[in-house]
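The values are calculated or read from the model by the stated rules, or taken from the named source; none is laboratory data. Keep in mind that this is a model prediction, so the values were computed, not measured. Counting neighbours? That spans all protein chains shown, and the Cβs are built from the backbone with ideal geometry, glycine included. Ligands, DNA and RNA are stripped out before the accessible areas are found, and what is left, the full protein with its side chains, is counted by its heavy atoms. Shrake-Rupley method; radii C 1.70, N 1.55, O 1.52, S 1.80 Å.
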Amino acid sequence: MILKSFFMNTSLRMRMIVLYTLFAVILVGGITLYSYHFTVDLLKKKEMAILSDSLEYLEKDISTQVKGINGEFINIFSDNQFIDLYRNSVSGVKTPVQKVELSSELTNYFMDIKIRNSTQLDDVYLFHNGEVYSSEYRPEYDWAQFQKSVYYDVCMENKNRILYGDFEPDKEYFSIVRSFYYTNGENSVNPDVGYLSEENEDYSVLIFRLKKSWLQKQIHKEAVKRQTSVMIFDDQGDVVVSEGSIDWLTEEDVDALTDEIRGNTSGIFEGELIEGRVGINIRKIDLADWSIVYLYDMNILYRQAKQIQTAAVFIFVISVVIVIGIASFISRTVVTPIRTLAKSMDEVVDNNMVVTFVPKYNDEVAYLGRRFAAMVQKTANLIEEVKQAEKQKQIEELKALQAQINPHFLYNTLDMVYWMDKMEGNDSSANLIADLADFFRLSLNKGEDITTVEREAEHVKKYLEIQKRRMDDTFDYRISIDQALVKYSVPKLILQPFVENSLLHGFEGMTEKGKIDIRVFREEEDIIIDIADNGCGMPIEKREEINRNRAQGDGNYGYAIENVKARIQLYAGESYGVWFDTEITEGTKVRICFPMNFSGGKVEERGGHTDDENVSR
């Protein structure tokens, strides 16, 4: 709340700059952050896809060559030449010369296999019946050494199974081994390889020793090309060969990654280490049940992303600076005209009503300025009109004071004549003079413009009595008043102009007796006065003009109506006033409407007498 209050109390320009900048930071920052992560993710996917394709190619190449070696190894057991040599070693060799010949033949047989597979094959061994045969003329092992070696233990534990393994990790080769024996007799053409015997003495062992250098050459090229560390694991999760390295990887890191790799046979994932992250891509080699692993230094990728991040931050900063500049320019174009307008307003406050505002652009501020200038001009005109009205009011008040002197003098004179007529017994003349005196007294109303419903009715009654005698009783009148309204306030002299119109214009040329009906009643919270006559009426067009506030009657009548309307609306508002009935076709009907709650409701009685509810003459 405090921050909001502080912000709202800063200048409009500062708020605009802050809001524009905040919008730019959120929008541009969001776009920049999204673009950065999207680009890094895209680079990562692209790099991983390339590594995956490379690993697939490498796996297929190695698998193809392994299949060739594996085929060569398996074919030996069904090769008749090998079977014959194997039989001779079992039963056909009797003399030392025969042993030498058999050893030479097996050596040549194995040598041919080695030559055919010289790229992969390092040596071939056959351990059989206490003898050792090899593709080399001087075998590395004798029978006693063989029985003590890991080969013997593995082969006897996994009889008649083809095994791949790095059985001697400190050597520069790994091996394919199998223990076997033939079950059929010596005369069988196609002896079977047995697998049911549990006796170690029944089994011979064939070993293919494969060069690790062959695998290393295969993976070295990809390791250098892809800047990766390539490793081949056996089925026990031990590293057979590896090429390439990641500079910051320690032995502990490699051990940790090796443990993680052992739990996966294929897939792509990341390993997190203290110095960075490593991308791991694993693919299984067919037949050997081994796995090829790519270790990719993700820091290389992130270094590329760092350049993108730097560029993104630079773009972000430049964008924010540009937005601040644009916001400053826009706010200045908005605030400067407003300040100019405010300066003009200050001059008006200092009573300088002659101000000018010349907008530079045709925008909302310019419209506001033009309206303000028009308002100031109108206000100046109104002030001048008020001054003129006040001056005219003073003149009118002086005239009214002078005018009141004559009616008072006339009223006192009429009162004296009344008593003289009474004394002489001339009652008719005395009553006429009394009505005229009361008429003037009620017209004066002690100099006030507000009277009561009762007094206004008494005033028009006196006027009608005087006119009735003057016009030889050619009309009748009736005044009906709701007694609950007699003490409510209304402007004075609002009935006499309409009654006078009926007498002067409405009854003109009539042969029958005229009638005037005045009704005062309540309608919701308003006082309603209806004045109706049976005269010749008024043209509809003229009535409509009067209702549209364009009263232009004959003589002073239009002025009198406009005066009554103006005084009622002055006190009660424009929703009140005078309306002529435009529906009737005979006579004239006028309705006057005034609020009951004017000046707080009822007014105090000022003397005089009270009419009956219905007065008719």
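The HN-Hα couplings worked out from phi for the stretch 534-548 by the Karplus form 6.51 cos²θ - 1.76 cosθ + 1.60 (θ = phi - 60°) are 10, x, 6, x, 10, x, 4, 4, 5, 4, 5, 4, 5, 5, 8 Hz, whole numbers, x standing for Gly and Pro. Computed with the Debye formula from one identical point scatterer per Cα of the stretch 462-522, without solvent, the log10 of I(q)/I(0) at q = 0.30 Å⁻¹ comes to -1.41. Partner lysines whose Cα lies under 17 Å from the Cα of K44, excluding those fewer than 8 positions away in the same chain, are identified as K306.
Treating r as the C-beta distance of N158 and K45 and R0 as 45 Å, the FRET efficiency rounds to 0.60.
Cross-link partners of K360 among lysines, defined as those whose alpha carbon lies under 25 angstrom from its own and excluding same-chain residues fewer than eight positions apart: K343, K378.
Here the 3J(HN,Hα) profile of the stretch 313-327, calculated from phi with Karplus coefficients 6.51, -1.76 and 1.60 at θ = phi - 60°, is 5, 4, 4, 4, 4, 4, 4, 5, 4, 4, 5, 4, x, 5, 4 Hz, Gly and Pro shown as x. For the peptides 214-227, 141-154, the ranking by mean Cβ contacts within 10 Å, running from highest to lowest, is 214-227, 141-154. May I ask you to list the residues of the stretch 200-224 whose amide nitrogen lies under 18 Å from a point 7 Å from Cα along the Cα→beta-carbon direction of E131? Within reach of a label on E131: 201-207.
Counting 0.36 nm for each residue step from S480 to V334 and taking away their Cα separation leaves a gain of 45.9 nm. Over what distance in Å are the Cα centres of the stretch 91-154 and the stretch 1-47 separated? One Cα centre to the other: 77 Å. Using the Karplus relation 6.51 cos²θ - 1.76 cosθ + 1.60 with θ = phi - 60°, the per-residue 3J(HN,Hα) values for the stretch 157-166 come to 6, 10, 4, 6, 10, 7, 10, 10, x, 9 Hz, with x marking Gly and Pro.
How large is the dipole of the stretch 19-114 about the Cα centre if only Lys and Arg carry +1 and Asp and Glu carry -1, each at its Cβ, rounded to the nearest 20 debye?
Details: 9 positive and 12 negative charges, 43 e Å.
So the magnitude is around 200 debye.
Sorted by accessible area with a 1.4 angstrom probe, largest first, how do E465, E136 fall?
On the way: E465 15, E136 65 Å².
My answer, sorted largest first, is E136, E465.
With the convex hull of the Cα atoms taken as the outline of the stretch 1-66, the averaged projected area works out to 6.6 nm². Nearest 0.05, what FRET efficiency do N9 and S213 give at R0 = 60 Å with Cβ-Cβ as r? In this case the efficiency is close to 0.15.
Ordering Q467, T452, L504 by Cα displacement along the dipole of the stretch 449-515 toward the positive end leaves T452 in first place; charges were set at the Cβ atoms of Lys, Arg (+1) and Asp, Glu (-1). Pairs over the 25 Å Cα-Cα cut-off, from the set K60/K114; K492/K589; K148/K217; K487/K542: K148/K217; K487/K542.
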